[in-house]
Amino acid sequence: MTMEWISILKCPISQADLRVLTASEILDLNAKVANGQLWQTDGKPMTTPLENGLIGVNGKYIYPIINEIFLLLPDLAIVDSKDKILGDSLSDDKKLVKDFYDNRGWHITEKGDYEDADIFEDLRPFAQDYITKCHNRVNRYLNPSGTYMLDAASGALQYQDYLQYSENYKYRICVDMSFQGLAECKKKLGEKAICLLCDMTNLPVKSDQIDGFISLNTIYHIPKDEQVTAIKELYRVLQKGGKGVVVYDWYKHSPWMNISLLPFRGIEFIRHRLRGLAAKAAGKNKASKNLYFFAHPYEYFKKHLDIPFKLVSWRSISVPFMKVYTHSWLFGKQILEKIYRKEEKDPFTCGLKGEYPMFVFEK
């Protein structure tokens, strides 16, 4: 495994430069593992021998490398003294997202699709031309080539269309909290993939290093008070002249979807209340959640995101809208083509009032 790019990384705890552990250091560390003298910073004892890893040049924190995936979450750092234990820093909401994608989202269904796509996307054949053209929009706002394309959070690169964004880049830095997702990235990209298991709100990448970034349908799965922090982190690592795209979801802040789906959202509200009552009757305080989600309105980002951005449309309609109003037997393909032409004609209005906007950045 060549790691010529290691100089762009930093320790997410101490901010120190990182280097690769030597063979003799790994032998010494594994002797300590056998003697119970190493811990993760969340307090758990280290029981698995190291095969490879990184260490801060200050010698404070060690980060395992497993199957060419770099474990750079602060909670997974290894220390040789209980005095260095920091405790569990990953919030319950972030754990919810991590667990969902490790255990469900990036596993293949019987139909051959990732479960994430099966749950959240419209996979009907007649809709694929519209969806592909929307995926292709991202490329318009990125530099066509470069050394580093950062994909946060990459997941499993579940759509073939997503591979085009880094086609003319030397490396694609895949950032995610799901080991399962990153393992899928490595299978698809091989040596082109730099796989970092880390937190988007604390990227282990030095400032001004990246030629381009994308973050597709991810930011709204980050705790609401940290979403702006995540976007600022992406902008921080972008070098001068670099470009980036964030795809967001307005959800209930989309006036067009609110109007068109009002009766169906009313039904969903009633179902949600009934599930809550059923959970309460079963002795639970509330129904269990599978995945954290919170959508801010446009005004929130205008107020709190103090870096320049442009707003355009990725897709103006939601998956529920597509499944309610478009059907192959009722001119569905033609309706989607008309919607696409409207998005092309007025990308700002469709981005502002539709479902999925793109935040476009240039440094």
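Distances between placed amide hydrogens fall under 5 Å for residue 194 paired with 172, 173, 174, all partners being 5 or more residues away or on another chain. Taken about its Cα centre, the stretch 7-152 carries a charge dipole of about 460 debye when Lys and Arg each add +1 at the Cβ and Asp and Glu each add -1 at the Cβ. Compute log10 of I(q)/I(0) for the stretch 141-277 with the Debye formula, placing one identical point scatterer on every Cα and leaving out solvent, at q = 0.10, 0.22 Å⁻¹, to two decimals. The Cα Debye sum returns log10 ratios of -0.41, -1.28. Global size of the stretch 78-188: 17.1, 59 Å for Rg and Dmax (C-alpha atoms, Rg to one decimal, Dmax whole).
What angle, in degrees between 0 and 90 and rounded to the nearest 10, separates the Cα long axis of helix 332-345 from the longest principal axis of the Cα atoms of the chain? Relative to the chain, helix 332-345 is tipped by roughly 70 degrees. Phi-derived couplings, Karplus 6.51 cos²θ - 1.76 cosθ + 1.60 at θ = phi - 60°, listed residue by residue for the stretch 7-12: 5, 7, 8, 9, 5, x Hz, with x used for Gly and Pro. With all pairs of separate Cα atoms included, the stretch 1-83 yields a Kirkwood hydrodynamic radius of 12.8 Å.
I'd like the orientation of helix 227-237 relative to the chain: the angle between its Cα long axis and the longest Cα principal axis, in ° from 0 to 90, rounded to 10. The two axes meet at around 60 degrees.
One quarter of the surface of the convex hull around the alpha-carbon atoms of the stretch 177-236 equals 4.5 nm², the direction-averaged projected area. Helix 262-281 sits at what angle to the longest principal axis of the chain, using alpha carbons and giving 0 to 90 degrees rounded to 10? It works out to around 50 degrees. Amide H contacts of residue 213 (H built 1.01 Å from N, in plane; Pro and chain starts excluded): 150, 243, 244, 245 sit under 5 Å, all sequence-distant by 5 or more or on other chains.
With an 8 Å Cα cut-off and a minimum separation of 6 or more residues, compute the relative contact order for the chain in percent. The normalised contact order for the chain reaches 15 percent.
Got a number for carbon plus sulfur as a percent of the stretch 190-254's accessible area, 1.4 Å probe?
Reported share for carbon and sulfur atoms: 45 percent.
For the listed residue pairs 133/302; 323/345; 133/303; 243/345; 192/243; 303/363, the alpha carbons are over 26 angstrom apart in 133/302; 133/303.
Rounded to the nearest Hz, the phi-derived 3J(HN,Hα) couplings of the stretch 28-37 under the Karplus curve 6.51 cos²θ - 1.76 cosθ + 1.60 (θ = phi - 60°) are 5, 5, 5, 5, 5, 4, 4, 9, x, 10, where x marks glycine and proline. Each Lys and Arg contributes +1 and each Asp and Glu -1, all at the Cβ; summed about the Cα centre of the chain, the dipole is approximately 1200 debye. Against the empirical 2.2 N^0.38 Å (N residues), the stretch 284-363 has a Cα radius of gyration ratio of 1.42. Computed over protein heavy atoms with a 1.4 Å probe, the accessible surface of the chain works out to 48 Å² per residue.
Which shape class applies to the stretch 126-189: rounded if a/c is under 1.5, otherwise prolate when a/b exceeds b/c and oblate if not, where a ≥ b ≥ c are the square roots of the Cα gyration tensor eigenvalues? Oblate, since a/c reaches 1.5 and b/c is not below a/b.
The residues 341, 19, 137, sorted by heavy-atom accessible surface at 1.4 Å with ligands and nucleic acids left out, run 341, 19, 137 from largest to smallest. For the stretch 47-204, DSSP calls about 35 percent of its internal beta bridges antiparallel.
Counting only DSSP beta bridges whose two residues both lie in the chain, roughly 50 percent are antiparallel.
Could you check how much of the accessible area of the stretch 1-159 is carbon and sulfur, as a whole percent, using a 1.4 Å probe?
Exposed carbon and sulfur together represent 50 percent of the surface.
Using every Cα-Cα pair within the chain, state what percent have a distance larger than 32 Å. That tail contains 36 percent of the Cα-Cα pairs. Comparing 246, 57, 312 in a Gaussian network model of the chain, where Cα atoms under 10 Å apart are tied by springs, the biggest mean-square fluctuation is seen for 57.
The values are calculated or read from the model by the stated rules, or taken from the named source; none is laboratory data. Everything numeric in this text was worked out from a predicted model, so none of it was measured. Glycine also receives a Cβ, built like all others from the backbone with ideal geometry; neighbour counts cover every protein chain displayed. With ligands, DNA and RNA removed, areas are computed over all heavy atoms of the protein, side chains included. Shrake-Rupley method; radii C 1.70, N 1.55, O 1.52, S 1.80 Å.
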